[in-house]
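Asks: The structure follows.
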There are 2 protein chains.
Amino acid sequence: MSNKAQGKPKKTAIRVTREADFPKWYQEVIKEADMAENSGVRGCMVIKPWGFGIWENLQRRLDQRIRETGHQNCYFPLFIPLELIEKEAAHVEGFAKEMAVVTHHRLVAKDGKLVPDGELESPLVVRPTSETMIGESFAKWVRSYRDLPVMINQWANVVRWEMRPRLFLRTSEFLWQEGHTAHATETEAREETATMLEEYRALAEDWLAVPVIPGEKSESERFPGAVETHTIEAMMQDGKALQAGTSHYLGQNFAHAADIKFQDKDGGESFCHTTSWGVSTRMIGAVIMTHGDDDGLRVPPAIAPHQIIILPIARDDKAAARVLPAADELAAKLNNNVAFGNVVRAYVDKREVNAGEKRWSWIKKGAPIIVELGPRDLDQGTVMVTKRTDIYGKESQETDAFVANVVEQLESIQKTLFEEAKAYRDARIRTDITNFNDFKAYFATDDLTSSGFVRAYWGESPESEELLKEIAVTVRCLPYDQPAEPGTCVITGNPATKVAIFAKSY
Amino acid sequence: MSNKAQGKPKKTAIRVTREADFPKWYQEVIKEADMAENSGVRGCMVIKPWGFGIWENLQRRLDQRIRETGHQNCYFPLFIPLELIEKEAAHVEGFAKEMAVVTHHRLVAKDGKLVPDGELESPLVVRPTSETMIGESFAKWVRSYRDLPVMINQWANVVRWEMRPRLFLRTSEFLWQEGHTAHATETEAREETATMLEEYRALAEDWLAVPVIPGEKSESERFPGAVETHTIEAMMQDGKALQAGTSHYLGQNFAHAADIKFQDKDGGESFCHTTSWGVSTRMIGAVIMTHGDDDGLRVPPAIAPHQIIILPIARDDKAAARVLPAADELAAKLNNNVAFGNVVRAYVDKREVNAGEKRWSWIKKGAPIIVELGPRDLDQGTVMVTKRTDIYGKESQETDAFVANVVEQLESIQKTLFEEAKAYRDARIRTDITNFNDFKAYFATDDLTSSGFVRAYWGESPESEELLKEIAVTVRCLPYDQPAEPGTCVITGNPATKVAIFAKSY
């Protein structure tokens, strides 16, 4: 799959290779890297420390940028009254099929069994997203142009009932942030939508090392109730697209529904222009399917819960007495550096498990750097370094030099992961397909060595999207990067002015 | 109420004084400080930036300590299957009356109205706490003594249906952290319970400047399913107690219910000993009712979203051109310091609102230090400083000295708030009441200048707790600090070996 796959030894740490069965490989990596597992509640996952640590590092970075771009964090209720969610017609239509509904507020024993009791006068929906709830607050908060813009964000769990759940990618409950803003003018609201999509692009590319294509969604793929939806689209190693974050210009739709109006400078009354934007734990799925290999996960250093694993190698107590304190000392020295704006995260694994098993556990988890430290290394003043971007060679480095260059090495790994992923993706974007027969033939195969995206002219007609549906392909976005010249639609052959990205998708 | 109340001007920023109507004063402070508001869903609150910022600062500190004491963050599902929650009998009995129940997974239109549809085979409960859910995972994760201890934590929302909701104090949905651990031995589990209660004590006292009494709960006040519940109890300014955090030793009760067993070193099989512990957004209520005064909130600097507010004073554009950049520069200088382990948080309020209104808005919000900066101050190289611990005097300070001493001044405010609260509390703990008549007479009055806690011998009999119920008083805890000598129970007159803290409570 990735370039370095050539010449790789046959035995892999993940039982099922990407090539053999990509979906199964994905599940195996999550299990072997101990990131998450299914719970007893269908579609709801348990996120374990290694998976949650990645989310926390993503969160820290994004939260900082959300603040730096002028937003404040709040918290809004988990439950939404039916009457509220009904107010925006397109919105409720989009979410009605997947909403968890609370109908009772207690349990009572009946014939030795607990049953729901205390029926609510009106049912409550568990939030699938909070535009309607937050709109209610905005309507109260905004009186005059002086109150604008309102720019808030919340980190929360949301629920969208999922019939075919997959860890991180499609779960009935997931974690996300949702930003919501209200502005006096359309221009400002559109600027906000663009600003936050650019933040998501930077988060994906600079932080998760996941290359993305930013662009606008087609009408049929818009957020229910939005005027425009903007997206970043990533390519997974099976050539499928994953929508990794979206930013919506909602126009005045939700402002009309919730009555968010303000008195302008001239005393007139206007409705606000609102936006919303979110990224979720789905991003972790994107990291796995972008960077994982047949030995497990590879975590970009910027988001790795531990960036450097130190494995003390000691056959007996005497050796341990030398090696363990040296390992702690090395960790302390490493953690004295700053990489990616935060203190370096080195961790000494002191578990009583044999060295080989330990090492492979961290390779499967994808820790960026693994350092082995035994008595002979101490004698020589060296450490044995394994980098997860290239696990098949160990390299002896002088300890002082290793410490002095650790930030550089982490940055280099981060860069390598991004460039590898970008080269992989770019090689799989076909730009030479110009008719629907070739197009269909291309998407008829699931061959992982060739499938991917098609970039081609598209006439934006509803009929053409119908034709796409038949072959399970979707318009991922109209990328911002557009040609100057018009062309002909790859599906209908009609004149077209824009190019789109087409792909199968998650 | 507080010592400095004497000689205070009659006009207060909060319409209703503490003395006139404490509950109403509480609601008014929350409103005037713009911390939170009720939502359209009964019992569910909207936490606004000033309230949420306090929570985030509390979270940051506690999260750091939770990691430093060896725990890892995870995330577990929002929903719990009925079958699971039924497994621990005392547990389900304790929570059955207040659980939100999800019964359907979609909505459909029927006669022009949306109604719940897609009934679940078995209803799901929205987590009121996660012992049962996390126990399921522990049972899977733990095989041998090598897997122990398991020490995890999650930051989450929980729901306990509330008939008489009050912002922050009793809300149907609230935010909290819940720690859960499993250990091989009772000793270890009891140590963990004690360690985390001590962390909560330190959080309350060192971070929120809220003095607390740590101790053990009586049997009737235990967490449903626990063997022992430990608590920190704070006194509000109306003399009532507020339980600010709890840590439970669960024995093997939940281990039996969820089948959490392990193979020990000798090959035998044992059940784990588990613990759980939590603090919630209720803590914010404690901060308000401990530190607020008749002019609004006073926020301890350690948790203040902004620690220093800079108000540029400029009557015209010319003055503004001088003052605004100087204000930004001052903020930058202040933010170059570290207080309470974090970068100092100074904020320039540039809103187009008149200076007096601005100043009072921050006094009501309780920002620890307010700095006014006008052209004359710039000429003199001074700033006009108001400290929220003593708002009735402004003090001119040389700018350089103010910057140089800002950390010390913040620390001093933090200390003053704690000492003031502690003196207030200590003066209201009666230790001289020895019989039930005096006891009843003491609790018969709601006079805010005298009501409070009683510390007295207690025989721990169920009958005595029945007598307490009649006068709406509870045993808050058996404090760790116990006398050497036995005595007689203040309620029954029977012999007693321990003293308890008695109070009315939230």
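Bear in mind these aren't lab numbers, they're just calculated from the coordinates by the rules spelled out. Values in this document were obtained by computation on a predicted structure and should not be read as measured data. Cβ: placed from backbone, ideal geometry, glycine included. Neighbour counts: every protein chain shown.
Asks: Which of the trypsin sites (Lys or Arg not before Pro) found in the stretch A:215-308 are in a DSSP loop and have at most 16 neighbouring Cβ atoms, other than their own, within 10 Å?
Replies: Filter output for the stretch A:215-308: A:K265.
Asks: On to the next question. When DSSP assigns beta bridges and you keep just the ones with both residues in the stretch A:301-412, what percent turn out antiparallel, to the nearest 5?
Replies: Working: 12 of 20 bridges.
Percent antiparallel among DSSP bridges in the stretch A:301-412 is about 60.
Asks: For the stretch B:313-330, take each phi angle, set θ = phi - 60°, evaluate the Karplus expression 6.51 cos²θ - 1.76 cosθ + 1.60, and give the result in whole Hz per residue in order, putting x for glycine and proline.
Replies: The phi angles translate into 9, 8, 7, 9, 4, 5, 4, 4, 4, 8, 6, 4, x, 5, 5, 4, 5, 4 Hz.
Asks: By count of other Cβ within 10 Å, fewest leading, how are B:W161, A:W360, B:W25 ordered?
Replies: Values: B:W161 23, A:W360 16, B:W25 26.
Sorted ascending by nearby Cβ count, the order is A:W360, B:W161, B:W25.
Asks: If you consider only alpha-carbon coordinates, what radius of gyration and Dmax does the stretch B:275-402 have, in Å?
Replies: For the stretch B:275-402, the Cα-based Rg and Dmax read 16.1, 63 Å.
Asks: If you don't mind, another one. At a Förster radius of 41 Å, what calculated FRET efficiency corresponds to the Cβ-Cβ distance of A:K415 and A:E37, to the nearest 0.05?
Replies: On the way: r = 32 Å, r/R0 = 0.79.
Using R0 = 41 Å, I get an efficiency of 0.80.
Asks: B:S220 versus B:E395, label points 7 Å from Cα toward the beta carbon: distance in nm?
Replies: 5.0
Asks: As an exercise, identify the trypsin sites (Lys or Arg not before Pro) in the stretch A:15-81 lying in DSSP coil whose Cβ has no more than 13 other Cβ atoms within 10 Å.
Replies: Listed in order of number, the matching sites are A:R15.
Asks: Also: How high is the relative contact order of the stretch A:311-432, in percent, with contacts defined as C-alpha pairs under 8 Å that are six or more residues apart?
Replies: Relative contact order here is 23 percent.
Asks: If you don't mind, another one. List every residue whose amide H lies under 5 Å from the amide H of B:R42, counting only residues 5 or more places away in sequence or on a different chain, with H placed 1.01 Å from N in the peptide plane.
Replies: It is none; the list stays empty.
Asks: In addition: Around B:A13, which amide H atoms from residues at least 5 apart in sequence, or from another chain, sit under 5 Å from its own amide H, with H modelled in the peptide plane?
Replies: B:D295
Asks: Let me ask you something else. Using Cα-Cα distances under 8 Å and only pairs 6 or more residues apart, what relative contact order does the stretch B:206-352 have, in percent?
Replies: Once divided by the residue count of the stretch B:206-352, the mean separation gives 17 percent.
Asks: Place the label 7 angstrom along Cα→C-beta at A:S412 and in each other copy, then list the distances from the first to the rest in nm, shortest first.
Replies: 5.2
Asks: Calculate the FRET efficiency for B:T445 and B:A355 from the Cβ-Cβ distance with a Förster distance of 41 Å, rounded to the nearest 0.05.
Replies: In this case the efficiency is close to 0.40.
Asks: With an 8 Å cut-off on Cα pairs and a minimum separation of 6 or more residues, tell me the relative contact order of chain B in percent.
Replies: Reported as a whole number, the value is 15 percent.
Asks: What list of ³J(HN,Hα) couplings, whole Hz, do you get for the stretch A:340-355 from phi and the Karplus terms 6.51, -1.76, 1.60, once you set θ to phi - 60° and write x for glycine and proline?
Replies: These are the phi-based 3J(HN,Hα) values: 6, x, 9, 4, 4, 10, 9, 9, 8, 8, 9, 4, 8, 9, 5, 4 Hz.
Asks: A follow-up question, please. Magnitude of the Cβ-charge dipole of the protein assembly as shown, K/R +1 and D/E -1, about the Cα centre, nearest 20 debye?
Replies: Using only the charged Cβ atoms, the result is roughly 320 debye.
Asks: Where a ≥ b ≥ c are the square roots of the eigenvalues of the C-alpha gyration tensor, would you call the stretch B:420-483 rounded, which needs a/c under 1.5, or, failing that, prolate if a/b is larger than b/c, or oblate?
Replies: The shape class here is oblate.
Asks: Could you give me the ³J(HN,Hα) list for the stretch B:287-298, computed from phi with Karplus coefficients 6.51, -1.76, 1.60 and θ = phi - 60°, whole Hz, x at Gly and Pro?
Replies: So the J values, rounded to whole Hz, are 4, 4, 7, 8, 10, x, 10, 6, 9, x, 7, 10.
Asks: Calculate the spin-label point distance for B:Q72 paired with A:S122, positioning each point 7 Å from the Cα along the beta-carbon direction, and give it in nanometres.
Replies: 4.5
Asks: List the distances, in nm to one decimal, from the label point of B:G356 to the label points of the same position in every other copy, shortest first, placing each label point 7 Å from Cα along the Cα-to-Cβ direction.
Replies: Values, ascending and in nm: 8.2.
Asks: Inter-copy label distances at A:I429, 7 Å along the Cα→beta-carbon direction, one decimal in nm, shortest first?
Replies: 6.8
Asks: Further question: Might you report the magnitude of the Cβ-based charge dipole of the stretch B:225-367 about its Cα centre, with Lys and Arg at +1 and Asp and Glu at -1, to the nearest 20 debye?
Replies: Numbers: 16 positive and 17 negative charges, 148 e Å.
Here the size comes out at about 720 debye.
Asks: Report the extension gain between B:K11 and B:K110 in nm, rounded to one decimal, defined as 0.36 nm multiplied by the number of residues separating them, less their alpha carbon distance. Can you show the working numbers first?
Replies: On the way: separation 99, 0.36 × 99 = 35.64 nm, distance 5.69 nm.
So the chain would gain 30.0 nm between B:K11 and B:K110.
Asks: Something else about it: Based on the Cβ-Cβ distance from A:D147 to A:R65, what FRET efficiency comes out when R0 is 30 Å, to the nearest 0.05?
Replies: Given R0 = 30 Å and the Cβ-Cβ separation, E is 0.80.
Asks: Based on Cα coordinates alone, diagonalise the gyration tensor for the protein assembly as shown, multiply each eigenvalue by 5, take square roots, and list the semi-axes in whole Å, largest first.
Replies: Semi-axes (√(5λ), whole Å): 47, 37, 32.
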